1. Towards the positive end of the charge dipole of the range 32-170, with charges on Cβ (+1 Lys, Arg; -1 Asp, Glu), say which of L49, I88, C102 has the farthest Cα.
2. Once the dipole of the chain is set up with Lys and Arg at +1 and Asp and Glu at -1 on Cβ about the Cα centre, which of W241, S132, F154 lies farthest towards its positive end?
3. Can you give the charge dipole size of the chain about its Cα centre, rounded to the nearest 20 debye, using +1 on the beta carbon of Lys and Arg and -1 on the beta carbon of Asp and Glu?
4. So how much slack lies between K186 and L210, counting 0.36 nm per residue of separation and subtracting their Cα-Cα distance, in nm?
5. What number results when the radius of gyration of the range 90-179, computed over Cα atoms, is divided by 2.2 N^0.38 Å?
6. May I ask you to give the solvent-accessible area per residue for the range 38-106, in square angstrom, as obtained with a 1.4 angstrom probe?
7. Mind jotting down a quarter of the surface of the convex hull over the alpha carbons of the chain, in square nanometres, one decimal?
8. Using every alpha carbon pair in the range 168-243, what percent of pairs falls into each 10 Å bin from 0 up to the bin containing the largest distance?
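The values are calculated or read from the model by the stated rules, or taken from the named source; none is laboratory data. As the structure is a prediction and not an experimental result, all values here were calculated from the model. Virtual Cβ from ideal backbone geometry, glycine too; neighbours counted across all protein chains shown. In case anyone asks, the SASA skips ligands and DNA or RNA and just uses the protein heavy atoms, side chains included. Shrake-Rupley method; radii C 1.70, N 1.55, O 1.52, S 1.80 Å.
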Amino acid sequence: LTAQCYPFSGDPPAHPLARSEDGGCTWDISARQAYDYPRSIAVEPDGSLLIATALRSDWYAEGFGSPHLLLERSVDAGRTWERTQGKIDWDWPGFGEVGAVCLRDGRLLATLRRQIPNTRGEGFEDTMLTESTDDGSTWSTPWQLTDTAQVHAFLTELADDRLLCTYSNYHVPFGVSAMLSTDQGKSWNRDRTIQLSISNGFYVGWATTLQLPDSSLITSYAATTYAEQPPGKFTCEVVHWQLPED
């Protein structure tokens, strides 16, 4: 999925959505019209797919955005999608890059990359967390997930029911980090974060983490690897790792 993450005032742009039925050998690409793009695609208990994005993204709260979510569900493996609205219990439209996960107990959690009120710029953003207990129709008042300049959060529910958050540091040390929650996202071990990678610049992230059958983890992310790297060019890296024993 690719898109632009700046405020839009006209018709929603087209974001390519690609799907494959042969293990990735060939791909069919369709256009998804929306004002924001998702951080993840969640799989629900019935096998349906869920995309959650900002209904209208407006990072600087200039009057165009919406404080709510656009929910898109597919029951045919991404061929067609049905749209509904998810209402968040807040009034701040300066957010986007939403990531959703469906927990085993049926709750939905969503990460929201937020422009901190009365600020501008990527160094003044953080990540909020909100939950839904009614299949996404309504969402709780968001609470803070990361510190300032920590974005691109991706949630992974582990086999032992702990919740892992992989995120980007837009502050020194630039790179990708991870932290754990033992209470399904209410609190996090911020004093024991794990540094997974170091980047040469703050443009780093989009980390996606999956747990493998042997309980190890694999994280893929983009990084600014070289000091003289041309603008807009990044490398894609993968780290295979395990959580430290308590």
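1. Positive-end residue among those listed: L49.
2. After comparing all options, I get F154.
3. On the way: 18 positive and 33 negative charges, 95 e Å.
Its charge dipole is roughly 460 debye.
4. Numbers: separation 24, 0.36 × 24 = 8.64 nm, distance 2.12 nm.
My answer for the length gained is 6.5 nm.
5. Numbers: Rg = 13.4 Å, N = 90, 2.2 N^0.38 = 12.2 Å.
Normalised Rg, Cα atoms only: 1.10.
6. Values: 3000 Å² over 69 residues.
Here the per-residue accessible area is 43 Å².
7. On the way: hull surface 55.8 nm².
For the Cα atoms of the chain, the hull's average projected area reads 13.9 nm².
8. 19, 45, 28, 8, 0
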